[in-house]
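The values are calculated or read from the model by the stated rules, or taken from the named source; none is laboratory data. Everything numeric here is computed off the predicted structure, so don't read it as measured data. Note that we place each Cβ from the backbone using ideal geometry, even for glycine, and neighbour counts take in every protein chain shown.
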Amino acid sequence: MARVLQGGLLPAQTRPGAVVEIACDESGFSGTNLLDPASPVITHASVDLSAGEAVELIDELRGRFAFAPYELKSGKFLRRPRALEWFLAALGGRAHVHAVDKEFFLVTRIVDLLLGEPSYAAGTRLAQAHRPAARALYEAGRAAGDDWTAFLAAFVELAREKHRRPVEQFLRARDALPAHPVLAELTDDRVWTLTARLDDDDRSLPPPLEPLLPALAETVLFWSGGRRRVLVTHDEQSALTAGRLARLQEALADGGHPSPLAGLTMADSRHDPRVQVADLLAGSARRAGSPERRTAS
C-alpha cells in the first residue's frame, strides 16, 4: 500500500498562463540541530522541468557518464567533474539554488523574535528591517569564540524545550558576551515575553528553528518574479505542515494581490524525476568545495 504523504497546501484557482510549476528538494536540513559544524549550510534547489524533461535528463546523464542507478547521488556525482559540468549546463536557465547559513539564520531569528513582531515573511527579502542589526551582531559575535557558540546553543535550547525553557541559561550566555548595542536591546522582559508566547503555542510566530520555511519563501519569490504564481512539488518534509504553509502563503501576499505561493504538494523523491533532479542539484551545490559563509538567509 502506498504511503500517504503528509503536509502540503491545496492549489488555489489560478488563471491559465499565470502559473509556473517547480519541483524542489533540499540538502543539509538537520531539523533543530543548527550548530553542527559538519553541516553549516542548507541548500534549497528548484527546477521548472516537466516530468518528461527530467526523465530525459537523468537518462542522458546515466548514458553519457555510465552511472549505475544507485550511483546517481551527489556524493559520487561530485567525483565526476565532467558529469557535474554537463549537468549544470543542461539545467541552464531552468534551475535555482538558495543557500542558508544556519548560524546566521539563528541570529536573524534571535533578532526578529526579540526586537520586533515577526511574521512568516521573517528571514526573507520581504522583511529586512532588522537585518542590519542581525548582521552587526553576527559579525561581532563570531569574534567572541566559545561564548558566542554557547549563546547560540542556549537560544536553540530556549526555543526547543517547551515548558522547560532554560531562560536563565540564555540570559547568562547573553551577559557573557562582550557589550554590544543589539545585545542591550535583548532585555530580560523581552526574553520572558517570547518564551511565554512559545509556551502558549502562538501560531503567529514563525517557527524559531526551521530554516526551510524562509528558504522555500525565497525560492517562490525567485520563480514568481512579481508576475507569476508558483505551484510547488516538494520532497516530503515534516517542517512543511499545512498550517505553516497557509501562514507562509498569507505572509507572501502583497496587499490586494494573490500570494505568489499558489500551492504545494509533497512527492516521494524516489518516484518523481523532477524532485530527483532537484535533489541532485541541492546536494551538489552544498557539497561542492567549501561554501562561503552567507550573510543572508
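What to note about this one:
- When the criteria are applied in full, Val111 meets the requirement of being more than 17 Å from the chain's Cα centre (by Cα) and closer than 22 Å to Leu216 by Cα.
- Residue identified as of a type in the set (Gly, Ala, Ser), crowded, with 17+ Cβ neighbours inside 10 Å and either over 24 Å from Leu264 (Cβ atoms) or under 24 Å from the mean Cα position of the chain (by Cα) (or both) among Ser39, Ser27: Ser27
Residue-wise test of (1) farther than 18 Å from Gln128 by Cα; (2) out of contact with any strand residue (DSSP E or B) (no Cβ under 6 Å at 6 or more places or on another chain).
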{"site": "Ala176", "(1), (2)": "yes, yes"}
{"site": "Ala179", "(1), (2)": "yes, yes"}
{"site": "Thr187", "(1), (2)": "yes, yes"}
{"site": "Val191", "(1), (2)": "yes, yes"}
{"site": "Val220", "(1), (2)": "no, no"}
{"site": "Arg228", "(1), (2)": "yes, no"}
{"site": "Thr241", "(1), (2)": "yes, yes"}
{"site": "Asp254", "(1), (2)": "no, yes"}
{"site": "His271", "(1), (2)": "yes, yes"}
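- Residues (farther than 30 Å from Tyr70 by Cβ, in a loop (DSSP other than H, G, I, E, B) and among the small types (Gly, Ala, Ser)) located in segment 246-276: Ala253, Gly255, Gly256, Ser259
- Residue ID - surrounded by the fewest Cβ atoms within 10 Å (Cβ to Cβ), chosen from residues in segment 73-97 that are aliphatic (A, V, I, L, M) and under 20 Å from Trp223 (Cα atoms): Ala89
- One residue from Phe222, Phe170 being among the hydrophobic types (A, V, I, L, M, F, W, C) and within 20 Å of His257 (Cα to Cα): Phe222
- Of all residue pairs spaced 6 or more apart or on separate chains, those with beta-carbon atoms under 6 Å, a first member in segment 134-163 that is over 17 Å from Asp101 (Cβ atoms) and a second member that is surrounded by 14 or more Cβ atoms within 10 Å (Cβ to Cβ) and of a type in the set (D, E, K, R) are Leu158/Arg165.
- Scanning segment 14-57 for residues that are farther than 27 Å from Val100 by Cα, modelled with pLDDT of 90 or more and of a type in the set (Val, Ile, Thr) yields a single hit, Val55.
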